[in-house]
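S.K.: Structure provided below as structure tokens; questions to follow.
The values are calculated or read from the model by the stated rules, or taken from the named source; none is laboratory data. Please read all numbers here as calculations on a predicted model, not as lab measurements. Cβ: placed from backbone, ideal geometry, glycine included. Neighbour counts: every protein chain shown.
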Amino acid sequence: MSSITTREAPRGFSLQEYMTCLTGIVWREGLRFLHQRERFVSALVRPLVWLFIFAAGFRQVLGISIIPPYETYILYEVFIAPGLMAMIQLFNGMQSSLSMVYDREMGNMRTLLVSPLPRGFLLFCKLLAGTAVSLLQVYAFLIIAWFWDITPPPIGYLTVLPALILSGLMLGSLGMLISSGIKQLENFAGVMNFVIFPMFFASSALYPLWRVREGSPYLYYICQANPFTHAVELIRFALYGQINWISLAVVGACTIVFMTAAIFAYDPSRGLARRGPAGGEG
Amino acid sequence: MTSPAPVPEPRQTPRPDPAAVPALSIDGVSHAYGQRRALTDVSFNVQPASFTALLGLNGAGKSTLFSLITRLFGIQTGRIGIFGHDISKSPGEALRLLGVVFQPRTLDLDLSLTQNLLYHAALHGIIRREAAARSAELLARIGLSERAGSKVRDLSGGQMRRLEIARALLHRPRLLLLDEPTVGLDVKARADIISHVRQLVTEQGIGVLWATHLFDEIMPGDDLVVLHQGKVLAQGPMNRVVTEAGAQDVNTAFMRLTGAQVMPGGGA
């Protein structure tokens with residue numbers, strides 16, 4: 001009768017189990033992404049508006065001198081393309097992380113978190129899956145941009161991939177950390193105003209930093225300290241088959257710090273408690 | 001206050017060996033959301049191959065308890081074990097043996113039935129081929145084989161619940177938690193699900209914890225835990241709980257137990 005009750009010794013998890021779990025999570029995120037066309041379209045429209053309208057208008061105002069990694073004079077559109085790629089990842093990272101913490105995706109997080117694999121690993125998989133989605137968006141953007149005369153060397157499309165994975169992980173982790181840590185930023189408007197816009201504008205996405213320095217040395221230092229600047233530069237150099245070592249070091253270190261802190265700070269009860277019984281005040 | 005008549009309790013089902021490791025053991029668990037206490041010193045066990053009904057009104061703390069057992073919330077006080085594995089100390093081993101059906105729907109509506117099952121299997125590290133075989137087998141058992149490729153969105157409420165139960169069984173757990181799984185279902189769908197789960201208990205020896213506020217889902221042979229305002233008011237075989245409350249049925253017993261509790265104008 002009670003033959004089923006013997007307690008078995010802990011057996012841990014094999015590498016294969018980890019890999020199955022990882023591919024499963026990325027696979028599902030990809031499937032879901034294919035079903036959310038609006039999300040895809042809006043993720044593309046945003047940078048394209050910048051590219052088609054903003055850049056066209058600013059082309060005459062801003063002259064770009066020859067700075068690495070560029071070897072000739074370039075159009076303004078070409079200059080801001082890496083910044084816009086990073087912007088796609090910034091939005092995607094913030095959006096998907098926010099939904100991980102607050103209740104929109106809570107049902108899915110419940111399913112995810114009852115997996116027996118270590119929670120840190122599950123969250124890492126989730127961040128990686130979010131990054132994979134951002135890669136699809138970025139490459140779609142690059143295809144359209146190609147018709148707009150943004151034509152990096154063919155090898156650049158390949159060499160930019162690791163840079164995008166790293167920057168995607170960094171921005172996703174940052175988003176997760178922010179949404180876990182700062183209660184006031186639980187809606188996207190708050191994140192836009194206090195995170196996305198400042199990070200985007202105080203960076204090298206729209207203007208080269210030597211120009212910023214001419215205008216305001218203080219802003220220049222802020223831009224230098226902004227991890228987003230380094231994500232942009234990492235992508236910019238990688239798109240031309242080069243490595244910006246400083247940016248790589250900064251983005252790598254920030255990824256490790258943000259991700260560790262985000263996994264440590266993640267608390268699903270934050271999203272659930274407010275929906276708990278008897279209208280408890282959070 | 002009440003006058004329990006010493007009536008010998010009838011035993012419908014054989015009880016498991018008490019020395020055996022319980023499928024689920026809740027030991028002195030308390031939980032608070034800020035100032036508000038949701039659970040106070042809750043303790044009870046679920047035996048393997050038994051059906052334990054967790055009976056309580058909305059807001060009694062059932063969902064909080066489920067969130068604690070599934071490790072969604074950190075345990076503040078007390079201890080929870082699944083087949084002897086402490087959920088805080090070795091969550092991996094504990095969760096491996098646990099299947100859950102949450103009260104809110106947690107399926108991906110835009111994915112197909114099979115895709116939902118495969119995703120869940122992946123989360124448990126079950127390789128694709130094995131996962132596909134088990135999914136097909138479970139879909140056949142719940143009578144949804146021919147719907148395998150359609151979107152979950154197109155299923156009825158009862159079918160979704162059956163799919164969620166199938167999903168919870170995919171990694172062959174030995175303890176199954178269900179949080180008010182029949183809410184919002186019609187009579188037929190309810191009956192199907194209840195009989196399916198009871199079958200799992202008798203045929204596969206799975207320990208079941210079934211949270212509900214519906215008295216008619218509880219049968220005489222079940223174990224019963226009455227949870228009210230975060231406290232366990234009574235527990236034991238259903239017949240004994242009913243008799244000790246001096247009542248004829250679960251309904252009256254519940255009203256007596258909780259009514260007596262509400263009167264003094266709750267402390268804390």
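S.K.: Of all the residues that make up the stretch B:59-84, how many are facing chain A (nearest Cβ under 7 Å) and in a strand (DSSP E or B)?
M.R.: 0
S.K.: Quick one: B:Thr106 ticks every box in (1) touching a helix residue (DSSP H, G or I) at 6+ places or on another chain (Cβ under 7 Å); (2) of a type in the set (Ser, Thr, Tyr); (3) free of Cβ contacts under 8 Å to residues at least 40 places away in the same chain bar one, so which box is it?
M.R.: With (1) touching a helix residue (DSSP H, G or I) at 6+ places or on another chain (Cβ under 7 Å); (2) of a type in the set (Ser, Thr, Tyr); (3) free of Cβ contacts under 8 Å to residues at least 40 places away in the same chain applied to B:Thr106, the lone miss is (3).
S.K.: Filter the stretch A:11-26 down to the residues that are within 8 Å of chain B (Cβ to nearest Cβ), over 18 Å from the mean Cα position of the chain (by Cα) and assigned to a helix (DSSP H, G or I) and list them by number.
M.R.: Residues satisfying the conditions are A:Gln16, A:Glu17, A:Tyr18, A:Thr20, A:Cys21, A:Thr23, A:Gly24.
S.K.: For the stretch B:92-110: of the residues being touching a His at 6+ places or on another chain (Cβ under 8 Å) and not basic (Lys, Arg), which is farthest from B:Val197 (Cα to Cα)?
M.R.: Going through the qualifying residues, I end up with B:Asp110.
One line per residue, one yes/no per condition, for (1) assigned to a loop (DSSP other than H, G, I, E, B); (2) surrounded by fewer than 24 Cβ atoms within 10 Å (Cβ to Cβ); (3) touching a Pro at 6+ places or on another chain (Cβ under 9 Å):
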position: A:Tyr218; (1), (2), (3): no, yes, no
position: A:Tyr221; (1), (2), (3): no, yes, no
position: A:Ile235; (1), (2), (3): no, no, yes
position: A:Ile243; (1), (2), (3): yes, yes, no
position: A:Leu248; (1), (2), (3): no, yes, no
position: A:Cys254; (1), (2), (3): no, yes, yes
position: A:Ala261; (1), (2), (3): no, yes, no
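S.K.: On to the next question. In the stretch A:97-138, what residues are within 14 Å of the chain's Cα centre (by Cα), of a type outside the set (A, V, I, L, M, F, W, C) and more than 18 Å from B:Phe102 (Cβ to Cβ)?
M.R.: Correct list: A:Ser97, A:Lys126, A:Gly130, A:Thr131, A:Ser134, A:Gln137.
S.K.: Moving to a separate point now. Scanning the stretch B:198-212 for residues that are in contact (Cβ under 8 Å) with a residue 60 or more places away in the chain and either in contact with a helix residue (DSSP H, G or I) (Cβ under 6 Å, 6 or more places away or on another chain) or farther than 15 Å from B:Thr52 by Cβ (or both), which turns out surrounded by the fewest Cβ atoms within 10 Å (Cβ to Cβ)?
M.R.: Restricting to residues being in contact (Cβ under 8 Å) with a residue 60 or more places away in the chain and either in contact with a helix residue (DSSP H, G or I) (Cβ under 6 Å, 6 or more places away or on another chain) or farther than 15 Å from B:Thr52 by Cβ (or both), the top hit is B:Gly205.
S.K.: A further question on this structure: Among the candidates A:Ile74, A:Ile88, single out the residue that is surrounded by 15 or more Cβ atoms within 10 Å (Cβ to Cβ), β-branched (Val, Ile, Thr) and touching a helix residue (DSSP H, G or I) at 6+ places or on another chain (Cβ under 8 Å).
M.R.: One residue alone meets the criteria, A:Ile88.
S.K.: Out of (1) outside any helix (DSSP H, G or I); (2) surrounded by 17 or more Cβ atoms within 10 Å (Cβ to Cβ); (3) of a type in the set (D, E, K, R), the odd one out for B:Glu93 is which?
M.R.: (1)
S.K.: Any residue at all in the stretch B:25-42 that is touching a residue at least 24 places away in the same chain (Cβ under 8 Å) and under 27 Å from A:Glu17 (Cα atoms)?
M.R.: Scanning the stretch B:25-42 turns up no residue that is touching a residue at least 24 places away in the same chain (Cβ under 8 Å) and under 27 Å from A:Glu17 (Cα atoms).
S.K.: Can you find a residue in the stretch B:65-73 that is touching a Phe, Trp or Tyr at 6+ places or on another chain (Cβ under 9 Å) and polar (S, T, N, Q)?
M.R.: The answer is yes, given that some residue of the stretch B:65-73 is touching a Phe, Trp or Tyr at 6+ places or on another chain (Cβ under 9 Å) and polar (S, T, N, Q).
S.K.: Further, regarding this structure: Please tell me if A:Gly107 is assigned to a helix (DSSP H, G or I), over 16 Å from A:Glu29 (Cβ atoms) and within 14 Å of another protein chain (Cβ to nearest Cβ).
M.R.: no
S.K.: Within the stretch B:181-199, is there a residue that is within 19 Å of B:Gln47 (Cβ to Cβ) and part of a loop (DSSP other than H, G, I, E, B)?
M.R.: no
S.K.: If you don't mind, another one. If you go through the stretch B:203-224 one residue at a time, how many are in contact with a strand residue (DSSP E or B) (Cβ under 6 Å, 6 or more places away or on another chain) and farther than 12 Å from B:Gly61 by Cα?
M.R.: 9
S.K.: When B:Ser50 is evaluated against the numbered criteria (1) more than 10 Å from chain A (Cβ to nearest Cβ); (2) hydroxyl-bearing (Ser, Thr, Tyr); (3) surrounded by 22 or more Cβ atoms within 10 Å (Cβ to Cβ); (4) in contact with a Leu (Cβ under 9 Å, 6 or more places away or on another chain), which criterion, by number, is the only one it fails?
M.R.: Evaluating B:Ser50 over (1) more than 10 Å from chain A (Cβ to nearest Cβ); (2) hydroxyl-bearing (Ser, Thr, Tyr); (3) surrounded by 22 or more Cβ atoms within 10 Å (Cβ to Cβ); (4) in contact with a Leu (Cβ under 9 Å, 6 or more places away or on another chain) leaves (4) as the failure.
S.K.: Could you pull out the residue among A:Leu136, A:Leu158, A:Leu166 that is modelled with pLDDT under 95 and part of a helix (DSSP H, G or I)?
M.R.: It is A:Leu136.
S.K.: Six or more apart or on different chains, Cβ atoms under 6 Å: show the pairs whose first residue is in the stretch B:117-139 and over 17 Å from A:Leu117 (Cα atoms) and whose second is among the β-branched types (Val, Ile, Thr).
M.R.: Cβ pairs passing all conditions: B:Ser135/B:Thr114.
S.K.: Within the stretch A:111-133, track down each residue that is in a helix (DSSP H, G or I) and free of Cβ contacts under 8 Å to residues at least 60 places away in the same chain.
M.R.: Hits for the stretch A:111-133 are A:Thr111, A:Thr131.
S.K.: Select from the stretch A:225-256 the residues that are farther than 26 Å from A:Arg59 by Cβ and of a type in the set (S, T, N, Q) and list them in ascending order.
M.R.: Hit for the stretch A:225-256 is A:Thr255, nothing else.
S.K.: Let me ask something else about it. Collect the residues in the stretch B:150-169 that are within 13 Å of chain A (Cβ to nearest Cβ) and more than 22 Å from B:Ser195 (Cβ to Cβ), keeping them in residue-number order.
M.R.: Residues satisfying the conditions are B:Lys151, B:Val152, B:Arg153.
S.K.: Which condition number in (1) buried (at least 23 other Cβ atoms within 10 Å of the Cβ); (2) more than 8 Å from every other protein chain (Cβ to nearest Cβ); (3) farther than 29 Å from B:Lys62 by Cβ is the one that B:Ala140 fails?
M.R.: Checking B:Ala140 against (1) buried (at least 23 other Cβ atoms within 10 Å of the Cβ); (2) more than 8 Å from every other protein chain (Cβ to nearest Cβ); (3) farther than 29 Å from B:Lys62 by Cβ, the one that fails is (1).
S.K.: Which pairs have Cβ atoms under 6 Å, sit 6 or more apart or on different chains, and link a residue in the stretch A:7-28 that is farther than 27 Å from B:Val21 by Cα and small (Gly, Ala, Ser) to one that is modelled with pLDDT of 95 or more and surrounded by 13 or more Cβ atoms within 10 Å (Cβ to Cβ)?
M.R.: A:Gly24/B:Tyr119; A:Gly24/B:Ala122
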